[in-house]
Each structure stands twice: as C-alpha cells, then as structure tokens.
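Here is the structure we will look at, set down as structure tokens.
The values are calculated or read from the model by the stated rules, or taken from the named source; none is laboratory data. The model shown is predicted, which means the values in this text are computed figures rather than measured ones. FYI the Cβ positions are ideal-geometry reconstructions off the backbone, even for glycines, and counts take in every protein chain you see.
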Amino acid sequence: MSQETGHYLFYAGINTFGGYKHSTDLENVDIAVMGVPFDAGTTNRSGAKMGPNAVRNMSRLVFGFNYMWEGELDLDEVCPNIIDYGDVGQAYGSTAVNSMIEETFNHADKIIQSGAKLLTIGGDHTIPYVPVRAVHKKYGKVALLHFDSHQDTIPSNGIISHANFAYDLVEEGCVDPSKSVQACIRTPLDNIGYNIIYSRDVMEMKPEELAGKIKNIIGDTPVYLTFDVDSLDPAYAPGTGTPVVGGPSTHYMRTVLRNLAGLNVVAGDIVEVSPQYDHADITALAAASVAQDIMCLMAHTKK
C-alpha cells in the first residue's frame, strides 16, 4: 500500500495528534500541540481528563483532509514543523490544581518563549490559567476570545475550578476584557467588562456577521482563543460535563472560525471533552475539527 493511501487510514499507526511527530524538541517548531489530561477543576460531571486521548484519536481522521480551508490556506505548507508535544499536568489528589498549574506552566512557557504557537488539548477549563499566563509573559496583556456556554467569571477566592479563569486572569492583569469576547453564552453571571455575545443573539446572526463583530472588537491585539466544546449545542457535542441546550452547530462554529482569519492568534485550547458521555465519538470529532481550525488561524498569521 502506498504511503499516500496509508495517510487516510487513521486507525493504523502510532496515535499522535493529527499524525504529526511526537517530540519535545522546539527548534524551528511552528505549532506545538500539548495535552493536559486533567479534570480536578470540574464542578459537574468529571471525565475531561480522558479528553486529550479521545481528541487525538479522532484527529487522525480529521487531518486527512481540510476542506474548510481549501483555497485559503495549506496548513502543512505554511507550518511545516508541527509537533505533538505529548501530555503534561496530569495530577490528582488534594494538591492536583496547583500541581497541574505549576508543571504545565513550565512547559507552556518554554513553548511560547521558543517562538512556537501553542495549542492545548484538555482537560477541563481550569487549563487556560496556564497558557494565558505564558502568553502574557511574552506579549503583555492579551485579548481572550472565549467560546463557551458559561462565562466562567466566578471569583475563585483561592479555590480554583473551571468556573474561575475568565475572572481571575482579568484581575491578574493578563487579559484586557475591553478587547475580549465571550460568545455563545447562555448562563448569566455579572459581567466584569467583557464583550458578551449571548447565544440567542448568535443564532440570529450569519457566521460571517459574528466573525466580523468579533474582529472589530479585538483588532490587532494578540489573542488567546479558548474553545469550550459545550459552546456547541449538545446535539452536536453531547460528550461534555456541563451541556447547555440552545447553541450553534459544529458547521456554524467552524465557519465562524474560518472567517476570523487575520486575528493574531498566538495560542489557544479546546477543552471539556468527556468521552464517556459521547456517542459515536461525535464530540471528539467536533473538537479535533475545531482544533484544526484554531491551528489554521495560527498559521494564517505566518502567510
């Protein structure tokens, strides 16, 4: 069988993200994909620690094609050195959150300082504490582009969970909320200065319109893009810990992401995939597809 044909047989071979090589050597790396199998910050159904392996598995299928970006960008041509960095931050017990944050920051900082872009695969939504701090260290205050059904703006008061990062990172000075967007929100909390686009309004917009609104808010500010898979309607992503009905389809959100090309996305994540609640791997498939789009947004800045 030819090597070209074998590329599409995702069920064969060593299971790395997108079929890219596993390496921690960051010399001349364009994008590093890093798993964080962690869910000790979960407040509802646990299981997101199983997410990185599930997303990796479906990514082998997804990365055989890239029809959403055909005619716009060839990811492997623009970014010829993409690596699967492996997993970090796996922790459990009473010190799990602090252990994950400390270990993961050491790796995220190393990746960002090398000049590579970082895509993190979660894991629960506690994870952005780490890469956002790493990109802030290099780029200064960043814009947070946050796709989610939840705002995650509850003050942690020292007890960190997946419901706190969007508040705490503003308080730390890492995120500029006036340049940041929370989209697809459908659970109300007090707004601490973010530009919030609620799901009921999203569903009245064309994807191109939503993307245009986001780009007008963010401008040329360096962007950290965090994508909670529960931003999608649970009809398209049932395999998650805290699903909320009334969200967009996978195709809608992928079209939004494609139309965000031009934003300066320096790092991002896809989180909250819990495969034990999934059906036929459709949530992991959606997450791997969104991951591909985030990587293409990163690559677009290199064109």
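Considering segment 44-88, and only residues there that are of a type in the set (Lys, Arg) and at pLDDT 95 or above, the residue that is farthest from Pro207 (Cα to Cα) turns out to be Lys49. Evaluating Ile192 against the criteria (1) closer than 23 Å to Tyr139 by Cα; (2) part of a helix (DSSP H, G or I) leaves one unmet condition, (2).
Restricting the first member to segment 232-249 and to residues that are at positive phi and in contact (Cβ under 8 Å) with a residue 60 or more places away in the chain, and the second to residues that are surrounded by fewer than 21 Cβ atoms within 10 Å (Cβ to Cβ) and assigned to a loop (DSSP other than H, G, I, E, B), the beta-carbon pairs closer than 9 Å and six or more apart or on different chains are Gly246/Arg186; Gly246/Met203.
Remark: pairs (first residue in segment 64-89, over 18 Å from Asn106 (Cβ atoms); second residue at pLDDT below 90 and in a loop (DSSP other than H, G, I, E, B); Cβ separation under 7 Å; 6+ apart in sequence or on different chains) = Gly64/His7; Gly64/Tyr8; Gly64/Phe10; Leu73/Lys303; Val78/Lys302; Val78/Lys303; Cys79/Lys302. Out of everything in segment 156-179 that is surrounded by 13 or more Cβ atoms within 10 Å (Cβ to Cβ) and among the aliphatic types (A, V, I, L, M), what residue ends up being nearest to Val266 (Cα to Cα)? Filtering segment 156-179 for residues that are surrounded by 13 or more Cβ atoms within 10 Å (Cβ to Cβ) and among the aliphatic types (A, V, I, L, M), the one nearest to Val266 (Cα to Cα) comes out as Val175.
Answer yes or no: is there a residue in segment 70-80 that is crowded, with 24+ Cβ neighbours inside 10 Å and either on the phi > 0 side of the Ramachandran plot or not in a strand (DSSP E or B) (or both). No, segment 70-80 has no match at all.
For Gly93, the stated conditions do not hold, so it cannot be described as among the small types (Gly, Ala, Ser), outside any loop (DSSP other than H, G, I, E, B) and either free of Cβ contacts under 8 Å to residues at least 12 places away in the same chain or surrounded by fewer than 18 Cβ atoms within 10 Å (Cβ to Cβ) (or both).
Residue check: is Ala286 crowded, with 19+ Cβ neighbours inside 10 Å and at pLDDT 95 or above? Criteria met by Ala286. Residues that are of a type outside the set (A, V, I, L, M), within 26 Å of Gly123 (Cα to Cα) and touching a helix residue (DSSP H, G or I) at 6+ places or on another chain (Cβ under 7 Å) within segment 183-229 comprise Cys184, Arg186, Tyr194, Asn195, Pro222, Tyr224, Phe227, listed in sequence order. As for segment 27-46, it holds at least one residue that is more than 16 Å from Ala288 (Cα to Cα) and of a type in the set (Phe, Trp, Tyr).
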